Amino acid sequence: MKISSVPVGWEDQEEDLGCAFILDGDDGRRICGAARWSVSSYCPPHHVLCHVSYGSAAEADRMHEVRDYHGTPSFAPPSWSGG
């Protein structure tokens, strides 16, 4: 039995289309398409732009933005509910 690394429901998208970073072009939106980094949906330069490291100040800032926009998520640590 072959085990697939493709998420359930994405089986028809097993073909690697390259970096998924969206570029704005004269003809509308298109993806970068460069070779992806093995642990990311993006090429290395775009991964650096898009990835927020777990436990970093940037992650905390982003979580606070989400909380301010959507309200406190039900899975949030108690420290989030105070603001």
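Values in this text are rule-based calculations from the coordinates and carry no lab data. This is a predicted model, so every value here is computed, not measured. Every residue, glycine as well, gets a Cβ built from its backbone with ideal geometry; the counts of neighbours run over all protein chains shown.
Quick notes
- Each principal axis of the stretch 15-73 carries a Cα extent, and these read 36, 27, 20 Å when sorted largest first.
- The order of the peptides 57-65, 34-42 by mean Cβ neighbours within 10 Å, most packed first, is 34-42, 57-65.
- Placed amide H near ILE31: partners under 5 Å, 5+ positions off or other chain: LEU23
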